[in-house]
Amino acid sequence: MLNLKKTIAILVAAISIVVAVYAAPVMAHGEKSQAAYLRMRTLLWYDVEVSTTKLMVNDELVMTGKFYWFYDWPANIAKPEVAFLNIGIPGPVFVRKASYINGVSGVNSTRFDIGSTYEFKVVLKARRAARIHMHALMNVKKAGPLIGPGRWVEVTGDMADFSNEVTTLTGETIDLETYGLQNSIRWHVFWGVVAAAWLLYWLFQGPILIPRYKKVKLLGENADDMITSTQRTIGLVLLIGTVVVVTWSYYDTQAKYPITIPLQSGRTNIPPLPDTTLGVRAEVVDARYRVSGRALEFSVNVTNNTNSPIRLGEFTSANIRWMNPDVSTAEPADSHDPVATNGLKYEGGIVYPGETKLLKVTCTDAAWETHRLAKVVYDPDSRFGGLLFFFDNENKRSIVAIGGPLVPVFI
Amino acid sequence: MGEPTEITDVDVSKGLVGAKRIAIIFFVVLATMVAWRVYQQVFAWEKGLDSFEAEFDVYWMNLLYTQWILEFTAAAVVWGYLIKTRDKDVFNITPQEELQRHFTLIAWLFAYVWIVYWAASFFAEQDASWHQVTVRDTDFTPSHIVLFYGVMPCYILAGVGSFLYARTRLPQFAKRLSIPFVIAVLGPFMILPNVGLNEWGHTFWFMEELFAAPIHWGFVVLGWTALALGGLFLQIIPRMVQLTQLEEELTEDMND
Amino acid sequence: MGVVRSAITTAEQQHRVYKAFDWIVIPIVVLVIIGAFHIHFMLTAGDWDFWIDWKDRRWWVTITPITLIFFPAALHYLFWQHFRLPFGATLCCAGLLAGEWVSRVVNFVGWAYYPLNMVVPAEIIPMALVLDSVLLISRSFLVTGVIGSMIWGLIFYPANWAIIAPYHVPVEYNGNMMSIADLMGYSYVRTGTPEYIRIIEEGTLRTFGESVVPVSAFFAGFISVFAYFIWVGIGKALAKTIWVKKL
């Protein structure tokens, strides 16, 4: 069996080298398994940044960004009545020092308004050396994790150097890594020893199974006579002893920790950010996905109610960005950041103040396939969604959500 | 029924447990489980977080397929061997032989429960430590591949093996079917198909990993069936009493 | 088949067989209990047992004793009825704790890297000792079920207070008051286990001057009484020595 494992390990290693050479860049946290319509029409993240991507144990990292709760929420996904701003990391590589949604502390779960935008900030402290793909993430009750953009982050150093100190309201400074552990283990060992003594006492009554079985059957209804009065006395001592120790430990602990509170289970309410459209309206007239060209093509009626002329600079959906470099540029932050730097083209040009204009937009990139977004046409709810970013002359953004039915073009 | 063959002079009461075979079972199972666990330690976080990565196929799906091939082969060989080499004169074995075979059955049961421990306790709780910490994106996660498709088939192999051993080599089990034995083997076996309910439910209601969720209770109820091993031992013990009876002893019926 | 003939002739041989039987069967019993009881417990009350920030005054206190008494009751039947051995509950609970400790250390700490103090299992030995000793003293399932199970439920929380109290000391954190347990749950990120998933401290708590624990513990004891009898019955059913010709 062991040799077999070794053989398999060698085979796996050999194949993996081949794969490592040829493998195309892909995301790294399982978000691709989520249905495309779910990724496009639930939580739309943007402006996500991390303060650093290389840090030492005990260093801090700040992740910031914004998210928009899509107005056309899929019917079979639970609405964000209860949600929790989280972070997608493989176990506590970081500890969370603080998290904020619109400046409000995110220690509690909260509810969100569909159709609204919020900004977030998460402060993390590195705990363990690892190279990980870290995601912004929102857990929505009954809908599960909604995964935001990810970044590769590398932590170096020694976990042994990590400490996580806080000062309690009773004035004690403690390290959460080890706090209370000795006490817990002491109690478990104490009761474990008592339990072992009790079990061993009976096991050392000689062979116990067959002889006692025989005796029980032979004695019939008098089988209780097998229990001696000494054993019953032992039972009484054990009973009283256990109750006494438990009672004593309870009152002793009360004396040691006179101030305690129950677990906190409150919920907060956080008002959304002001409207991000700044008076720009956009409505999809017609949308098609060209399978062979890996392109989303849609016509959108745009009304500019602002005081400046605007141009379309970006379309984003499911953490993928299609940029129109004539208006706005962006580069992938790392190998796993899907940015189509030249992926957006549109006909219609500038939309002037007060004007309503039909724009014909094309978003092209292999990401439609590699990130399984093209699968939307095979979903049970094949509508799409995303955010359009319009820019005025001073680079001020109007961010407008669009969406609607999507018709595939196969030929 | 023919007469049992004559009693031999060998003292059958010595070496019944078979310390060597128990040690072999213990260490082979231990080594296999540790190998799985080490494999997870090395490759789960590195290669097992995204089922759409090519490397996931290499390290995890290939492990799954390898397990399946090995398990089906092992089951065919072991179960086939037990049936093929069945004792065709099982009702005429000597008491000494029967006593020894009972201890061989118990050795089979030892293998069974030793693997049950790894599946139901160790790797089952490990599954919590994975799913409560990561985003579930496939039914074949690094913890599931080992737990459901690796360790569980192993105990099924041993459980059914022990049942077949008794059925083919021990008179009282050959004569009639032991209901508690059937329950104690079939119940835990059904935990594997119950994965279907689990995964179906997870695609429906439970997007988060709440371990105490009702969707998991199929495993719980099937786990209870392991208690039927108690009934099995209550069938074995009276037979042991008869097989170890002394002449001057009371000869009352020890059965329930 | 005729009368079964004996395989041995001397008392010494008989003793040796009996000893051999104990040597191998007792480990089997221990292993199967750890496995079966652990999967039962982790899937009925596991979340409360895994994490320090689930150990609340209402659900943890209510659920744990109730679901924990199933196997002890079944094994009380098996071991007392057939062997007059009063250790079924302690065997179950000690076995469960052994399985839990191995998994917490090797998996929750060794694989998922949570600090051990966050994943210490609940202390369940005292309850088991009480249940066993009441059975031994009373020699009666009825008395054990009514009195033993009630104490079983009642002492769960006090027996654990010595372990969890330190984690209920308040902390001010980012403008909020939290217990240390809450803070640990917040600090040590669990991607798949968000804050809201905790089933804790529900209800308006308008009873007995907000003393939630005694009510929860008393209720747990009350249900444990019924659960004990049901599970003595299930233990009896699964210990039946039924033979059939055909299935």
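The values are calculated or read from the model by the stated rules, or taken from the named source; none is laboratory data. This one's a predicted model, so the numbers in the text were calculated from it and none came from an experiment. With ideal geometry, Cβ positions are generated from the backbone for all residues, glycine too; neighbour counts draw on all protein chains shown. Each accessible area value is taken on the protein alone, full model and side chains, heavy atoms only, with ligands, DNA and RNA left out. Shrake-Rupley method; radii C 1.70, N 1.55, O 1.52, S 1.80 Å.
What number comes out for accessible area per residue over segment A:280-409 if the probe is 1.4 Å? Units Å², please.
Accessible area per residue, segment A:280-409: 43 Å².
So what is the 222 nm mean residue ellipticity for chain A from helices alone, if each DSSP H run of at least 4 adds -39500 (n - 2.57) and you divide by all residues, rounding to the nearest 500 deg cm²/dmol?
Rounded to the nearest 500, the figure is -7500 deg cm²/dmol.
What are the extents of the Cα atoms of segment A:31-95 along their three principal axes, in Å, largest first?
Over segment A:31-95, Cα extents along the principal axes are 44, 24, 24 Å.
Apply the Kirkwood formula to chain A: the hydrodynamic radius equals the inverse of the mean of 1/r over all pairs of different alpha-carbon atoms; give it in Å with one decimal.
Its Kirkwood hydrodynamic radius stands at 26.5 Å.
From the convex hull of the Cα coordinates of segment A:79-147, what is the mean projected area in square nanometres?
4.8
Got a sec? Which residues of segment C:27-52 lose 50 Å² or more of accessible surface with every protein chain in place, vs. that chain alone, 1.4 Å probe?
C:ILE28, C:LEU31, C:VAL32, C:ILE39, C:MET42, C:LEU43, C:ASP47
Restricting to Cα atoms and excluding each atom paired with itself, what does the Kirkwood estimate give for segment A:31-169 in Å?
After inverting the mean inverse Cα-Cα distance, the result is 15.8 Å.
Report, in cubic angstrom per residue, the convex hull volume of the C-alpha atoms of segment A:280-409.
92
Output needed for segment A:181-256: three equivalent-ellipsoid semi-axes, defined as square roots of 5 times the C-alpha gyration tensor eigenvalues, in descending order, whole Å.
35, 15, 8
Report the residue, chosen from A:ASP334, A:ASP158, A:ASP225, that carries the largest GNM mean-square fluctuation when chain A is represented by alpha-carbon nodes joined by springs under 10 Å.
Of the options given, A:ASP225 has the highest mean-square fluctuation.
Using every alpha carbon pair in segment B:54-203, what percent of pairs falls into each 5 Å bin from 0 up to the bin containing the largest distance?
With a bin width of 5 Å, the distribution comes to 2, 9, 15, 19, 17, 12, 9, 7, 5, 3, 1, 0.
Which value in nm describes the separation of the simple spin-label points at C:LYS240 and A:SER229, placed 7 Å from the Cα toward the beta carbon?
Inter-label distance under the simple model: 4.1 nm.
As an exercise, use a Förster radius of 56 Å and the Cβ-Cβ distance of A:GLU394 and A:THR170 to find the FRET efficiency, rounded to the nearest 0.05.
Result of the calculation: an efficiency of 0.55.
Give the interface area between chains A and B as buried accessible surface, both sides summed, probe 1.4 Å, in Å² to the nearest 100.
3000
Segment A:201-217 to segment B:143-201: how many Å between their Cα centroids?
Value for the Cα centre distance between the two parts: 30 Å.
Let me have the 222 nm mean residue ellipticity of chain C computed from DSSP H runs of 4+ only, each contributing -39500 (n - 2.57), with the sum over all residues rounded to the nearest 500.
-18000 deg cm²/dmol
Would you tell me the mean number of C-beta atoms belonging to other protein chains that fall within 10 Å of each C-beta in A:88-100, as a whole number?
The mean count of partner-chain Cβ atoms within 10 Å per residue comes to 6.
With helices defined as uninterrupted DSSP H runs, which ones in chain A have an alpha carbon span along their own long axis of at least 27 Å and mean Kyte-Doolittle hydropathy of at least 0.5?
A:2-22, A:181-203, A:229-256
Please identify the helices of chain C, taking whole runs of DSSP H, that span at least 15 Å along their own axis as judged from the Cα atoms and have a mean Kyte-Doolittle score of -1.0 or higher.
Correct list, ordered by number: C:11-50, C:88-103, C:125-138, C:212-238.
Can you give me the C-alpha center-to-center distance between segment B:26-49 and segment C:93-143, rounded to a whole angstrom?
Their Cα centres are 26 Å away from one another.
With all protein chains present, calculate the accessible area of A:GLU283 using a 1.4 Å probe and round the result to the nearest 10 Å².
The accessible area of A:GLU283 comes to roughly 110 Å².
In µm²/s, what is D for chain B at 37 °C and 0.692 mPa s, where D = kT/(6 pi eta Rh) by Stokes-Einstein and Rh is the Kirkwood radius from Cα pairs?
In µm²/s, the coefficient is 160.
Translational D (Stokes-Einstein, µm²/s) of segment A:114-221 at 37 °C and 0.692 mPa s when Rh comes from the Kirkwood sum over C-alpha pairs?
156
Looking at chain C as a GNM with Cα springs under 10 Å, which of C:THR67, C:THR44, C:THR193 has the largest mean-square fluctuation?
Among C:THR67, C:THR44, C:THR193, the largest GNM mean-square fluctuation belongs to C:THR193.
Direction-averaged shadow area of the convex hull around the Cα atoms of the protein assembly as shown, nm²?
Average of the hull's projected areas for the protein assembly as shown equals 41.9 nm².
Could you report segment C:7-54's accessible area per residue, 1.4 Å probe, as an integer in Å²?
Using a 1.4 Å probe on heavy atoms only, each residue of segment C:7-54 averages 26 Å².
Just flag the GluC sites (Glu not before Pro) in segment A:146-243 sitting in loop per DSSP whose Cβ has no more than 15 other Cβ atoms within 10 Å.
A:GLU172
Using a probe radius of 1.4 Å on protein heavy atoms only, what is the accessible area buried between chains A and C, both sides summed, to the nearest 100 Å²?
So the total buried area for this chain pair works out to about 8000 Å².
Taking every pair of distinct Cα atoms and averaging 1/r, then inverting, what Kirkwood hydrodynamic radius in Å comes out for chain C?
Computed over chain C, the radius equals 20.2 Å.
Quantify how strongly other chains surround peptide A:164-174 by giving the mean number of their Cβ atoms within 10 Å of each of its Cβ atoms.
Mean partner shielding for this stretch: 4.
Could you list, bin by bin from short to long, the percent of Cα-Cα pairs of segment B:66-133 in 5 Å steps?
4, 12, 11, 18, 17, 13, 10, 7, 4, 3, 1, 0
How much solvent-accessible surface does C:VAL109 expose, in Å² to the nearest 10, with a 1.4 Å probe and all protein chains in place?
Accessible area of C:VAL109: about 40 Å².
If you rank A:THR364, A:THR277, A:THR230, A:THR110 by how much accessible surface each has, with a 1.4 Å probe, what is the order from largest down?
The most accessible residue leads, giving A:THR230, A:THR364, A:THR277, A:THR110.
Nearest 100 Å² is fine: how much accessible area is buried between C and B, summed over both sides, with a 1.4 Å probe?
7300
As a quick test, which of the pairs A:LYS121/A:LYS141; B:LYS84/C:LYS245; A:LYS32/A:LYS125; B:LYS175/C:LYS19 have an alpha carbon distance above 25 angstrom in this structure?
Long pairs (Cα-Cα over 25 Å): A:LYS32/A:LYS125; B:LYS175/C:LYS19.
Hey, how many Å between the Cα centroid of segment C:163-205 and the Cα centroid of segment C:14-59?
Taking the Cα centre of each part, segment C:163-205 and segment C:14-59 sit 29 Å apart.
For segment A:98-244, what is the accessible area per residue in Å² when the probe is 1.4 Å?
42
Output the residues of segment B:58-94 meeting this criterion: accessible area (heavy atoms, 1.4 Å probe) in the chain alone minus accessible area with all protein chains in place is 10 Å² or greater.
Residues losing area: B:VAL58, B:TYR59, B:ASN62, B:LEU63, B:THR66, B:LEU70, B:PHE91.
Looking only at B:ARG176, B:ARG101, B:ARG167, which one moves most when chain B is put into a Gaussian network model with springs between Cα atoms under 10 Å?
Among B:ARG176, B:ARG101, B:ARG167, the largest mean-square fluctuation in the Gaussian network model of chain B belongs to B:ARG176.
Using alpha carbon coordinates only, what is the Rg to Rh ratio of segment B:126-254, with Rh defined as the Kirkwood radius?
Using Cα coordinates only, the ratio equals 1.16.
Largest first and to the nearest Å, give the Cα extent of segment B:1-131 along each principal axis.
That works out to 67, 27, 20 Å along the principal axes.
Within chain A, what whole-number % of the accessible surface is contributed by carbon and sulfur, with the 1.4 Å probe and all protein chains included in the calculation?
55
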